[in-house]
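The values are calculated or read from the model by the stated rules, or taken from the named source; none is laboratory data. Here the structure is a predicted model, which means the values were calculated and not measured. With ideal geometry, Cβ positions are generated from the backbone for all residues, glycine too; neighbour counts draw on all protein chains shown.
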């Protein structure tokens, strides 16, 4: 049994992590911290966990985190970089669901995240936790930077094209739509039901923190600089990301075959038959990315549709997938949830 | 392994049954029928089941239903009564998710359902599948009538009061709100997104088929006639029933204790602390009924709040719970889903 | 032209008031205050008002409120009672959309609202602004207490029965469902899209501030004490209240006729044909209450269905209706919006 | 007063047309036809119109359409082309909200719409009713082809760029998201609440009927062939289109100024300040298109955000705008609705 600790855990990635870990056969939940909710039973904050999770929130000081085999950070950006060094020092492995260790270029990270990095020396050691790209390095990683939700959907959708070198890398377009839970469990006006329901809007068109993360991944995959226009949208649903990707074909290729081959061994990436339109609910609650490939009217513009549940393959499910890899467990263990539909 | 057949299965209780059974460790899906979709892979109709359910729909004639240990009917009302006799004859046990065998009084059934019953002699043999009431009889049942969604939420909410004889049985009120999936996967105008979203309405105030079913259950539990006003409402969500129940206390009682004792051994009924307000999402996707008891301002009117997922404890989950009981399996086997929240 | 001032106006009743007043032919918007947003154009906060409302928010100190003919308070509870005395002194008439002047019994008000009343002497002068009850007194009122949203729907639904003395006044039940906008534009966690969407729950079963307001109105109408169980629910839609009311008939009556006669002269109350089920969208955006009367199975329990748009007939529309009455305008002026459906 | 007839009118564009026309000061509703609902009061089908629309549906044969000054077709594709010739013959002007007269190339129309055109000779006479392009021709038109919803949002968003010749016309991308009402009031499974709610998906990526319509308009505006990739998406809201448009700048230009100048005289197109993100609810219920222009990170890819209410500026509102122009009325008459928000 793996002894697991969670730092944070009062947000949506936290409760989703608890849902998944509470059903994982090789995990024992050992500690969870929240300064604000210390002393409260987790199940009192999240009634969905009643009778399934017995833990109480502890303060970070009291929580026996160093006794854990692995600690997940389900915290705002900037927390893990404060606490990870001591845990790693104590031999605890760390998976950060926030962005602290995602960007290799520390100066770039500091520009986008608006703070100074607390442990730049650890950034180089961190492994970017997209198993479909970095599985081998994750196996032995001590510190995993779990990818962002948009970056997961967008990278998995572009990777086969970018790796094969068949598209114009200078003009990629990612038009991405996210459910509101992607913005977290924060009491902000624009996230209110009465603001976000029966409404649709783009945001962050001038720049979004996931842009450099996606570009870094695609540039690494292609070995070349990448130009990406990325437009996120707030969609009136709780869960789900739908990325609609546009790329111009520069070399003839059987694109459907490219995708099928690239992901033939991947348990959590499902390439649909040509001409399909995946819907976000077909992955709701499951650690899955479903992808469909289109070439409308035989032109030179490819359209790739990539869907995930932002809280699962886009966050907590992928974090558990990384944990499974790190601890030599079957990659799918505890991740066999069938999507909830309707 | 239990060999399972499903008749119907193209509706919401069907896909939910498949989701649950596909993850059940003691079940092998053996056959599924749909005249309309015969030849189609189940996963092509329900992409959420891709790579998890390999079955194809067969016509009722071709399907090897008599080879099964148990057959679930996830069909419209009036189908199971046609096909169940032959299956029972062949030694197959039957669980009907529709209403054919729910009402013991055949004439009453015929009045409410507007058709003649095809096998009235079987009605008396059928066991009403509310395990919290009929567990022992279900164990040996050959034919189980799985309760309706409203009747499950309403009966579980009223039962402790009615059995204890502490409320005015002549004037019970059940104000029930259901998600739209409760109406099934039928292409009807009033169920369209553009009709049901951002909208709320009562329906069937003059009379609803679940009324006699609830009254039958409560009368049996109390040993007395019961007068019930039942008002269902269509709520702009997919899943969930919230029953708000009103009963006048006729004898002093510790009502909270009454509920806690009544359900202390029940795995799937969760009595919340006094003063709680269960939300429907706290049971989404799980075979659970959560109940809270209120006595506003210490008056004589009790308010009971009872929530279920209409497709799980209100239909397919309860059907699998019944199957577990019938086959001597642990009652919770394959039903350990933690609610999906948010 | 009536010179209108608004205090507050950054919430949902505020923007709705602006929508209605900006289209009112006899109104000139003269001032709007918000300490927090002072200096900002109203249309920058509410883009729906671009090119239709030119006003900027002012601080309360700078705003020329005393130049106005009438000032609306679209503020949290407790603000109007601070500022109304000076305005009334200056000859300005006041309509308070909050609760400061709704409850005649000041001690009762202070208990429910948890603060000391700042001008208890004005409470007696205030007229409760339900035009269908108090039209004559509103005409000459200097200070109008605009009713709450639930109290509007519930009182209009019960009034004909209570006035006629045909129901058991000791055991009324009001099961009310409100869209989320009824809770206001407050950044609170439980009002987030990801909390309130695809979810349904009761709240405040132990006691809600609208309870004494409803009881006060019904007791006045009947001339007797009234016992009411009132259960509000949070419904996953933005706008709309659906009140399902239960009352036991104590004397035979043609209930449908009772309702039709009671409201035959009312422009904003629509009694539907017997057996109807009004939906909330049939009043969305309009100053209307639609009511249907049921007597299920001819029993002695009546079921009344009453729907309003909580922001219009339940707040800002009713406030403008009151203004029309106070200033001798046609009661429907500027209130001819046809509901937006779908 | 203009005597107005409506053919069809049982769908969403029909009820929206009735909402707008019932409040139009220069219109008298004279006849409305529906074979299926003949004899039924319009307000019985659409309770939102109770007490505001007195008309009953007539059969097409009985309806006094030839007495009208103008007849709107709010019918499925293929109906107007059957009935328009006789009406035009009788001197009645016609506005078709469907697609029968939108595409000048009859063969192309027949290919996309899968039927033979009944009056190809009239296609050349029809004026495409996008007032921002064709205002002068609409004035004298006898037959107006009201644009589709997507084409309105997409064309208004691209027009300033295309007319100015500053973008790569061969590789335009329109990623468009529509509320479900855009699909009409048809009882189809994929439009059910339980299918479309809490879900997001693309559709018709291989080809959509609005593609040739958009291309025709943009080619006419630019005088050159246009290459467009158009991907529509079904969004879980009732009303609203959000078009996210991508175009590569080929010549330096002050794009914000370009848009502001192009639409400076347009009452129904609102160019937002640079850097804005219009939301669909900011136009809900109003005949408005709001547009924002972005050039992320100063690159060569422009992002244009264009929002409309698909039932108003995308259908019925635009139809009334056309009527106003045709009959010499102020273009904004009866179209002053302020968007309903929240």
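When the test is whether a residue is in contact with a strand residue (DSSP E or B) (Cβ under 9 Å, 6 or more places away or on another chain) and without any contact (Cβ under 8 Å) to a residue 40 or more places away in the chain, residue C:233 does not pass it. With respect to the conditions (1) surrounded by fewer than 24 Cβ atoms within 10 Å (Cβ to Cβ); (2) in contact with a strand residue (DSSP E or B) (Cβ under 7 Å, 6 or more places away or on another chain); (3) under 30 Å from residue C:24 (Cβ atoms), residue C:288 falls short on a single one, namely (1). Of the residues in segment C:322-333, not one is surrounded by 24 or more Cβ atoms within 10 Å (Cβ to Cβ), touching a helix residue (DSSP H, G or I) at 6+ places or on another chain (Cβ under 8 Å) and either assigned by TED's automatic domain parsing to the domain that holds residue C:153 or under 17 Å from residue B:203 (Cβ atoms) (or both). Can you name every residue in segment C:174-187 that is surrounded by 23 or more Cβ atoms within 10 Å (Cβ to Cβ) and under 16 Å from the mean Cα position of the chain (by Cα)? The answer is C:176, C:177, C:178, C:179, C:180, C:181, C:182. Out of curiosity, is residue B:60 in contact with a helix residue (DSSP H, G or I) (Cβ under 8 Å, 6 or more places away or on another chain) and either closer than 17 Å to residue B:145 by Cα or within 14 Å of another protein chain (Cβ to nearest Cβ) (or both)? For residue B:60, the condition - in contact with a helix residue (DSSP H, G or I) (Cβ under 8 Å, 6 or more places away or on another chain) and either closer than 17 Å to residue B:145 by Cα or within 14 Å of another protein chain (Cβ to nearest Cβ) (or both) - is not met. Select from segment D:207-216 the residues that are assigned to a loop (DSSP other than H, G, I, E, B) and under 30 Å from residue B:180 (Cβ atoms) and list them in ascending order. D:208, D:209 - these are the residues of segment D:207-216 that are assigned to a loop (DSSP other than H, G, I, E, B) and under 30 Å from residue B:180 (Cβ atoms). Scanning segment C:217-238 for residues that are more than 7 Å from chain B (Cβ to nearest Cβ), closer than 18 Å to residue C:203 by Cβ and in a loop (DSSP other than H, G, I, E, B) yields nothing.
Only one of these is buried (at least 19 other Cβ atoms within 10 Å of the Cβ), in the same structural domain as residue A:34 (by TED's automatic domain parsing) and either touching a residue at least 24 places away in the same chain (Cβ under 8 Å) or more than 21 Å from the chain's Cα centre (by Cα) (or both): A:83, A:89, A:116. Name it.
Residue meeting the stated conditions: A:83.
Would you confirm whether any residue within segment A:240-261 is part of a loop (DSSP other than H, G, I, E, B), within 21 Å of the chain's Cα centre (by Cα) and more than 7 Å from every other protein chain (Cβ to nearest Cβ)?
Among the residues of segment A:240-261, not one is part of a loop (DSSP other than H, G, I, E, B), within 21 Å of the chain's Cα centre (by Cα) and more than 7 Å from every other protein chain (Cβ to nearest Cβ), which makes the answer no.
Within segment A:193-207, restricting attention to residues that are more than 7 Å from chain D (Cβ to nearest Cβ) and more than 17 Å from residue A:99 (Cβ to Cβ), the residue that is surrounded by the most Cβ atoms within 10 Å (Cβ to Cβ) is A:196. Of all residues in segment D:135-146, exactly one satisfies the criterion of being closer than 26 Å to residue D:261 by Cβ and surrounded by 20 or more Cβ atoms within 10 Å (Cβ to Cβ), namely D:138. Taken together, B:210, B:171, B:190 contain a single residue that is more than 9 Å from chain C (Cβ to nearest Cβ) and surrounded by 18 or more Cβ atoms within 10 Å (Cβ to Cβ), which is B:210.
Scan segment C:312-329 and tell me whether some residue there is assigned to a loop (DSSP other than H, G, I, E, B), within 14 Å of chain B (Cβ to nearest Cβ) and touching a residue at least 12 places away in the same chain (Cβ under 8 Å). Show your work before the answer.
Pass one, segment C:312-329, residues assigned to a loop (DSSP other than H, G, I, E, B): C:327-329.
Filter again for within 14 Å of chain B (Cβ to nearest Cβ), leaving none.
There is no residue in segment C:312-329 that is assigned to a loop (DSSP other than H, G, I, E, B), within 14 Å of chain B (Cβ to nearest Cβ) and touching a residue at least 12 places away in the same chain (Cβ under 8 Å).
Report yes if some residue within segment A:187-206 is farther than 22 Å from residue A:10 by Cα, free of Cβ contacts under 8 Å to residues at least 12 places away in the same chain and not in a helix (DSSP H, G or I); otherwise report no. Checked against the condition, which is being farther than 22 Å from residue A:10 by Cα, free of Cβ contacts under 8 Å to residues at least 12 places away in the same chain and not in a helix (DSSP H, G or I), segment A:187-206 yields at least one hit.
With respect to residue B:78, determine if the residue is closer than 30 Å to residue B:212 by Cα, part of a loop (DSSP other than H, G, I, E, B), at pLDDT 95 or above and out of contact with any helix residue (DSSP H, G or I) (no Cβ under 6 Å at 6 or more places or on another chain). Spell out the reasoning first.
Numbers: closer than 30 Å to residue B:212 by Cα: yes; part of a loop (DSSP other than H, G, I, E, B): yes; at pLDDT 95 or above: yes; out of contact with any helix residue (DSSP H, G or I) (no Cβ under 6 Å at 6 or more places or on another chain): yes.
Taking the combined requirement at face value, the residue satisfies it.
The set of residues in segment D:28-53 that are within 13 Å of chain C (Cβ to nearest Cβ), part of a strand (DSSP E or B) and within 21 Å of residue D:70 (Cβ to Cβ) contains only D:29. If the condition is being free of Cβ contacts under 8 Å to residues at least 60 places away in the same chain and either more than 7 Å from every other protein chain (Cβ to nearest Cβ) or not in a loop (DSSP other than H, G, I, E, B) (or both), then segment D:264-277 contributes D:264, D:265, D:270, D:271, D:272, D:273, D:274, D:276. In segment A:278-304, of all residues being within 8 Å of chain D (Cβ to nearest Cβ) and without any contact (Cβ under 8 Å) to a residue 12 or more places away in the chain, the one that is nearest to the chain's Cα centre (by Cα) corresponds to A:296.
Flag set for residue A:160, criterion: surrounded by 18 or more Cβ atoms within 10 Å (Cβ to Cβ) and at pLDDT 95 or above.
With the requirement that a residue be crowded, with 18+ Cβ neighbours inside 10 Å and not in a helix (DSSP H, G or I), what does segment D:1-27 give you?
D:2, D:4, D:5, D:6, D:7, D:8, D:9, D:10, D:11, D:24, D:27
Of the numbered criteria (1) outside any helix (DSSP H, G or I); (2) surrounded by fewer than 19 Cβ atoms within 10 Å (Cβ to Cβ), the one residue C:72 fails is (2).
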